[in-house]
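Written out below as C-alpha cells is the structure these notes cover.
Read-outs throughout are calculated quantities, based only on the coordinates presented, and are distinct from any laboratory measurement. Since the structure is predicted, the reported quantities are computational estimates derived from the model, not experimental observations. With ideal geometry, Cβ positions are generated from the backbone for all residues, glycine too; neighbour counts draw on all protein chains shown.
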Amino acid sequence: MMQAAASSAPGKIILLGEHAVVFGRPAISLAVGLRLRLTARRSNVFELNGSPLSPRIHSYLSNVLERNWKGGPLSFETTSDLPSGSGLGSSAAVTVAALHTLAQLHGNPPQEEKVAREAFIVESEAQGRASPIDTSTSTHGRGLFIDSRQGDGLLWTIRRDERFWHVHDCTVPRMNFVIGHTGISAPTGPLVAKVKRYYDKSGFAREIIDEIGDITLEGRKLLQNGDQEALGRLMTRDHRLLAILGVSCVQLDKLVAAALPHSYGAKLTGAGGGGSMIALTDRPQKVAQEIRQRGGISYIVEAGVPGVRKEEF
Ligand code: MEV
C-alpha cells in the first residue's frame, strides 16, 4: 500500500469568454506557470497544512474526499504560487491535484479525462453553477478552446443539465502575458450567480453574452494566425463587455488602464469582482512595473504549460 503521493497542477488565465462559457458560449483558456503542489500522506487524522480538515472551510478538498476516498485518514500539505480567490484557478488546481494524488494512492495511474470530469463535478457542487473551463485547463494544461460545436483536437465533452461543452486542445503560440492581481479575493460562485440573474431578466445581458461568444470565435482564428495586435483589441473589447455585465471593479479597471498604453490589449480574467487582470504585451517588464505602481501584484507568466503531473515528495 502506497503511503504517500504528490502532484502539482497549474493555474489558468482565460483569454476570452469567461462568464459566457457558463451559458454554453465558447471560451479560450491557457494554463500558466503558477502551480499548486499537493502531497497526501496516510495519517491518524484528516488534516490540511497542520489544521483539521473542515468541510465548511476546505469545501473543495472535503468534497474530493467524500466522493473519491474510502481509505483511512490523510494528511495533506500544499504549497501554491496561486493566491486563492485571485481568478487564476486555485480551487480548480487544488481539486485536480487532490484527485491526481488520490488515484496514485489507490495504485491507479491517473487518467486525464477521468480527473477532468470528476474535478468539474466537485467544483460545480462547491461553487454552484460552473463551466468545466478551470478544471479542464488545470488537468490538461496547454491551451483549451471550449465550444458548443465539435472540432479538431477534441479532448472530451462534458454535460450538465441541458448544457454541454466540447473541450478542445489548442496550440498556444509564444506570447507574453502579465497578470495583475488586485489583491482583492473574490469567490467565483456569487459572481456567476449575479450574471445569471442579469441574463434571466434582461435581453440586453443576453446580447452581451452572445457578443462575447462572437468575439471569442474571432479570437480563436487570430490566435491560430498569431495576430497579437488584433487579439489584444478583442481582449480589451471583451473587458468592456464584462464590465457592462457588472463583473469588473474600480481596481481591475485601474490596472487594465495602466497596462493598455504598453500592451496589445488587457482585460479582467476569471470571475472578476476583484481577482486579476491580464495584459498581452511585448513589454512585460514595463507593464509589470505599471501594475505594481497602481498597487497590484504582478506576475510575468509563461502560458501553455503542462497540466497536472506527478511530483516527487
Ligand atoms: C471562472 O474562472 C470562469 C467563469 O466563467 C466561471 C466558470 O466558467 O465556471 C466566471
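Numbers at a glance
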| item | result |
| --- | --- |
| Summed residue charge, Cβ within 15 Å of Phe46's Cβ, Lys/Arg positive, Asp/Glu negative | +2 |
| Sequence-separation-based contact order of segment 149-281, relative, with Cα cut under 8 Å and 6+ spacing, percent | 30 percent |
| Listed residue pairs exceeding 26 Å between alpha carbons, taken from Lys221/Lys310; Lys12/Lys114; Lys201/Lys221 | Lys221/Lys310; Lys201/Lys221 |
| For Trp156, distant residues with modelled amide H under 5 Å away | Val167 |
| Sparse-neighbourhood loop sites, trypsin sites (Lys or Arg not before Pro) in segment 158-225 - DSSP loop, at most 14 other Cβ within 10 angstrom | Arg174 |
| Segment 1-95: trypsin sites (Lys or Arg not before Pro) in DSSP loop, at most 16 other beta carbons within 10 Å | Arg56, Lys70 |
| Fluctuation leader among Ile184, Ile146, Ile244 - the chain, Gaussian network, Cα springs under 10 angstrom | Ile244 |
| Footprinting exposure proxy for Ile133, Ile121, Ile278, Ile215 (fewest neighbouring C-beta atoms within 10 Å first) | Ile121, Ile215, Ile133, Ile278 |
| Spin-label proximity, Lys201 to segment 234-263 - amide N less than 18 Å from point 7 Å beyond Cα toward beta carbon | 242-248 |
| Local electrostatic count, Gly11, Cβ distance below 13 Å [Lys/Arg +1, Asp/Glu -1] | 0 |
| Sequence-distant residues sharing a close amide H with Gly89 (under 5 Å, placed H) | Lys12 |
| In order through segment 93-105: 3J(HN,Hα) via Karplus (6.51 cos²θ - 1.76 cosθ + 1.60), integer Hz, x for Gly, Pro | 5, 5, 5, 5, 5, 5, 4, 5, 5, 5, 4, 4, 5 |
| Between segment 69-141 and segment 252-294, the alpha-carbon center distance in angstrom | 28 Å |
| Using alpha-carbon coordinates, inclination of helix 188-201 to the longest axis of the chain, degrees | 50 degrees |
| For the chain, calculated [θ]222 nm from helices alone, where every DSSP H run of n ≥ 4 adds -39500 (n - 2.57) | -12500 deg cm²/dmol |
| In sequence order, calculated HN-Hα J values of segment 124-131 (Karplus, 6.51, -1.76, 1.60; Hz; x Gly/Pro) | 4, 5, 7, 9, x, 4, 7, 10 |
| Neighbour-count order for Asp210, Asp134, fewest beta carbons within 10 angstrom listed first | Asp210, Asp134 |
| Simple label model, 7 Å out from Cα along Cβ direction - Thr171 to Arg283, nm | 3.1 nm |
| Exposure proxy ranking, count of Cβ atoms within 10 Å, fewest first, for Cys249, Cys170 | Cys249, Cys170 |
| Per-pair calculated FRET efficiency, R0 = 30 Å: Glu162 and Gln111 via Cβ, rounded to 0.05 | 0.65 |
| Whole-Hz couplings from phi, Karplus 6.51/-1.76/1.60, listed for segment 64-76; x for Gly and Pro | 4, 5, 4, 8, 10, 9, 10, x, x, x, 10, 10, 9 |
| Net charge contributed by nearby residues that have their C-beta within less than 11 Å of Trp165 (K/R +1, D/E -1) | +4 |
| Taking the chain and dividing mean pair separation by its residue count, relative contact order in percent (alpha carbons under 8 Å, at least six apart) | 26 percent |
